[in-house]
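As structure tokens, the structure follows; a few thoughts come after it.
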Amino acid sequence: MVKAAEVTCELGDLGCVQVEPVTSRYCRAARVWNDLMDRYHYLGRGRVCGAQIRYMVSSPQCGYLGAVGFCSATWSLQKRDEQIGWSDAAHYANVQRVVCNSRFLIVPTVRVPNLASHVLGRCAARIADDWKTRYGIEPVLLETFVDPQRSAGVSYRAANWVYVGQTSGRRAAQNGQGPKDIFICPLCTRWRSILQNAPGVQPADKPCPADAADWVEEEFGTVEFYDPRLSRRLFTVVRDFYRQPHASITQACNGSVAKAKAVYRFLQNPRVCMERILRPHVESTAGRIKNHKVVLAVQDTADLDRTGHPALGTGPLNTSEDKAVGLKLHDTMAFTPEGTPLGLLDVQYWVSDPKEVGKSRDRRQLSIEPEESMKWIRSYLAVSEVQKLCPRTRLVSIGDCEANIYELFLEASKNPEGPDLLVRCARSRKRRAGQVDFWVRMNKEPVSGVRVVHVPRKDTLPARDATLEVRHARVTLKPLKDKEYPPLHLWIVHAKEVPYGSEVASPLDWMLLTTVEVNDCEDACERLDWYTKRWGIEVYHGNLKAVGRFGDRRLGMAEGLEVCLAMDMVVAWRTYHVAILAR
């Protein structure tokens, strides 16, 4: 057993204080370091993993005064990361330049004021050179954790360490402990800019298209996790979901408890989010779009009911009398003119405010931004970004009656090089050409042709072939009187079902507004065919609700639902895509 120093004096009376590194785990200094930690430190020597440097603190006159240990930094630490302000790429590239002070001990028999802060200052002055000599990496920031129930961190504050907050305490709670105070110590003035810089860093496990093992790696190969473990986990989870698309999470994992736990941990990981998962899929979709002259970007809204298993963060779906809860989803799917789904281009989701349910609002007096109607413009802007990547492809954004808002057409008019627009007009909007209602105006136009459209089955109504009279015209669309917007020049395609029997409860009567030029019957029928592909997104939503039985996913937080929804959406698209190709 090593004898520690026993001294009470001032720092100046102590003489020369030596801070020397432990050169090997087999040397005598290593045995002394372990012995002092086991005897005097409340955590003991511990199990230090990764890179590490240990120091012995001694005095030639008094003997051993204490010991200090440094090791690799914590990978994820919210308060520290907020102080640094680095991106995921910078975090992945520079986390090795942060070093953690894992152990600090001045033996209790040494009572020398200011000795602790003096030792910390000596360590901070030499750790950068020592660490670089041993590992080839020069650290620029130190971090440490202090138990507030044992110490206020006075020595660290005196040595110019900065308090930045507390840990979440989740891991410490498993050992019956509470959150720890976090202190950091910059080793140079440019520490923040150095840690924020990530030159030449690429996402981990980013396979080239030729190296992709299957469609999963083709869709998600460019995911920016910067952690190969997360990338591999994403590939595994999506493959399992696709292998059994209607199964629960546990069933998709073939009953493996360990595998199911890994999935739930992945869904709750703070670095995993819907945007990060869907971005590579959207990039892959853009690659498929480039192979077509015309692509239809259909957008629509769906309710994802979670009434059976409500999660924290969900909200009401319908009225105050209807107690259904869940998420609102607005997505945009790319289709070929033949109806083949190419993939998602935009996904928005939100939770309705319970306080707003059941309240009537004067929509004419409200700006467009606060309303849910803004979702149509956001989707159009997302399609505009894809249009820039696919300049040789004509992208047409398609929406139903709810998308018939003047601001959407105004947005489309601002960029002639952007996507075109095709929207169905609702009678309730009372659109007029001059002083004449659209329907009155179009009924006076001559019939330019007849088109037969297949109407799919809906609920209890059987499928049928509808014969439509087609009319077209060019009109000037003016805004409401209380809005100062310029008039817009658009084209109208009116398709009215005639004749129809008594078995048809709601005959088709479509008034389509479009920014695409319509000069003859062939053009009008083509625009009509484009709009019929809007039914494809209804099929997709039905497929999405069936995939994994999303309403039954046993997830308690909306954040986990968001990540699970992102993977379910891609799986639902893939099953739909393969089914259409098989036909």
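The values are calculated or read from the model by the stated rules, or taken from the named source; none is laboratory data. The structure displayed is predicted, hence computed values, not measured ones. In this analysis, Cβ positions are derived from the backbone assuming ideal geometry, glycine residues included, and neighbour counts consider all displayed protein chains.
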Can you tell me which condition Asn543 does not meet? The list is (1) more than 27 Å from Asp420 (Cα to Cα); (2) touching a residue at least 60 places away in the same chain (Cβ under 8 Å); (3) not assigned by TED's automatic domain parsing to the domain that holds Pro280, and all the others hold.
(2)
Selection within the range 507-521 - more than 19 Å from Leu395 (Cα to Cα) and touching a helix residue (DSSP H, G or I) at 6+ places or on another chain (Cβ under 9 Å)
Asp509, Trp510, Met511
For Ile289, are the conditions met, namely being modelled with pLDDT of 95 or more, crowded, with 17+ Cβ neighbours inside 10 Å and not assigned by TED's automatic domain parsing to the domain that holds Gly121?
yes
Counting only strands (runs of 3 or more DSSP E) entirely within the range 1-103, those with at least 3 residues that are at negative phi and buried (at least 18 other Cβ atoms within 10 Å of the Cβ) are 52-59, 63-72
Collect the residues in the range 128-159 that are touching a Ser or Thr at 6+ places or on another chain (Cβ under 6 Å) and part of a helix (DSSP H, G or I), keeping them in residue-number order.
Ser155, Ala158
Matching residues in the range 107-127 - criterion: being assigned to a helix (DSSP H, G or I) and either without any contact (Cβ under 8 Å) to a residue 40 or more places away in the chain or surrounded by 17 or more Cβ atoms within 10 Å (Cβ to Cβ) (or both):
Leu115, Ala116, Ser117, His118, Val119, Leu120, Gly121, Arg122, Cys123, Ala124, Ala125, Ile127
Val238 vs (1) closer than 22 Å to Asp552 by Cβ; (2) surrounded by fewer than 17 Cβ atoms within 10 Å (Cβ to Cβ); (3) touching an Asp or Glu at 6+ places or on another chain (Cβ under 9 Å): all pass except (2)
Answer yes if at least one residue in the range 194-205 is in a helix (DSSP H, G or I), among the small types (Gly, Ala, Ser) and either modelled with pLDDT under 90 or buried (at least 16 other Cβ atoms within 10 Å of the Cβ) (or both), and no otherwise.
no
Might you let me know whether the range 549-564 holds any residue that is assigned to a helix (DSSP H, G or I) and free of Cβ contacts under 8 Å to residues at least 40 places away in the same chain?
no
Test Leu477 against the stated conditions and say whether it is surrounded by 17 or more Cβ atoms within 10 Å (Cβ to Cβ) and modelled with pLDDT of 85 or more.
no
Looking at the range 386-411, which of the residues that are without any contact (Cβ under 8 Å) to a residue 40 or more places away in the chain and touching a strand residue (DSSP E or B) at 6+ places or on another chain (Cβ under 9 Å) is farthest from Thr514 (Cα to Cα)?
Gln387
Members of the range 421-441 found to be crowded, with 21+ Cβ neighbours inside 10 Å and modelled with pLDDT of 90 or more, listed by number
Leu421, Leu422, Val423
Single residue of the range 147-170 satisfying the filter (β-branched (Val, Ile, Thr) and within 33 Å of the chain's Cα centre (by Cα)) that is modelled with the lowest pLDDT:
Thr167
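For the range 565-583, give me each residue that is assigned to a helix (DSSP H, G or I) and more than 18 Å from Leu278 (Cα to Cα).
Val578, Ala579, Ile580, Leu581, Ala582
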